[in-house]
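Right, one structure below, let's go through it.
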Amino acid sequence: MIYKLRVLLDTEKDVFRDIEVQGESNFEDLHFVILQAFGWQPHEMASFYETNDNWDKGEEIPLMDIQEEFGPKKMPTMSDIKIEEKLERKGEKMLYVFDFYLMWCFYLEVIDIQPEQKGIEYPQLVLEVGEAPHQMDKEPVDFSGDDSDEDGGDSYEDGYNPEDYSDLDFDEYSPN
């Protein structure tokens with residue numbers, strides 16, 4: 001079967017691509033097809049995430065398994081999972097995050113599932129709307145949590161006060 005996917009880039013302007021891909025292709029193939037459709041280079045990490053209708057992130061499908069090296073169990077990766085195994089019907093959605101430093105977010109939705117047509121090479125780009133930004137044209141996400149002002153002092157003008165979090169039980173959030 002052929003999956004027609006709408007891939008919307010999370011930007012202020014409307015930028016999306018409709019892509020047709022074979023259901024037996026894996027998510028690594030889709031990763032490369034998306035980047036090619038937007039004219040980007042595949043030199044950064046990425047993950048797909050299962051999601052619901054509210055786009056809440058669910059199970060991760062990473063490009064590489066870093067848990068294999070650092071974690072207790074092997075995690076299936078993009079090359080291990082076929083598209084048809086996770087996307088089974090029209091309207092299903094997934095998130096795709098590319099470059100965890102810049103955090104480009106794409107919203108994917110299955111807009112059609114149809115039989116493969118003879119004489120057509122898949123995957124194929126079938127619709128291109130909006131000009132994709134250059135993949136480096138975004139400010140990096142600040143994961144530091146550094147709210148210090150220019151003179152090196154702490155600035156809590158945004159309402160953050162570390163004392164508000166002093167009673168948190170961090171063991172509650174541990175994986176085990």
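When a/c reaches 1.5 or more, the comparison of a/b and b/c decides; with that in mind, is the stretch 2-129 rounded, prolate or oblate per its Cα gyration tensor? Note, shape of the stretch 2-129 comes out prolate. Among TRP104, TRP55, TRP40, sorting on how many other beta-carbon atoms sit within 10 Å of each Cβ, with the fewest leading, yields TRP55, TRP40, TRP104. Taken along the Cα-to-beta-carbon direction at a fixed 7 Å, the label points for GLN36 and ASN52 span 3.6 nm.
Given the pairs LYS13/LYS86; LYS4/LYS90; LYS86/LYS118; LYS90/LYS138, which span a C-alpha to C-alpha distance of over 20 angstrom in this model? All intermediate terms of the calculation are to be shown ahead of the outcome.
Numbers: LYS13/LYS86 29 Å; LYS4/LYS90 9 Å; LYS86/LYS118 25 Å; LYS90/LYS138 32 Å.
Those over the limit are LYS13/LYS86; LYS86/LYS118; LYS90/LYS138.
Quick check on the exposure proxy: order ARG6, ARG17, ARG89 from fewest to most C-beta atoms within 10 angstrom.
Numbers: ARG6 18, ARG17 22, ARG89 7.
So the residues, fewest neighbours to most, are ARG89, ARG6, ARG17.
Go ahead and collect, in residue order, the members of the stretch 1-26 whose backbone nitrogen is under 16 Å from a label point 7 Å along the Cα-Cβ direction of ILE81. Residues 23-26 fall inside that zone. For the stretch 2-129, relative contact order (Cα pairs under 8 Å, six or more residues apart, normalised by length) works out to 37 percent.
In this simple spin-label approximation, GLU128 and GLU59 carry label points 7 Å from Cα along the Cα→Cβ vector, and these lie 3.5 nm apart.
Values quoted throughout were computed directly from the atomic coordinates according to the rules given, and no laboratory measurement underlies them. The shown structure was predicted, so the numbers you read here are calculated from the model rather than taken from an experiment. Every residue, glycine as well, gets a Cβ built from its backbone with ideal geometry; the counts of neighbours run over all protein chains shown.
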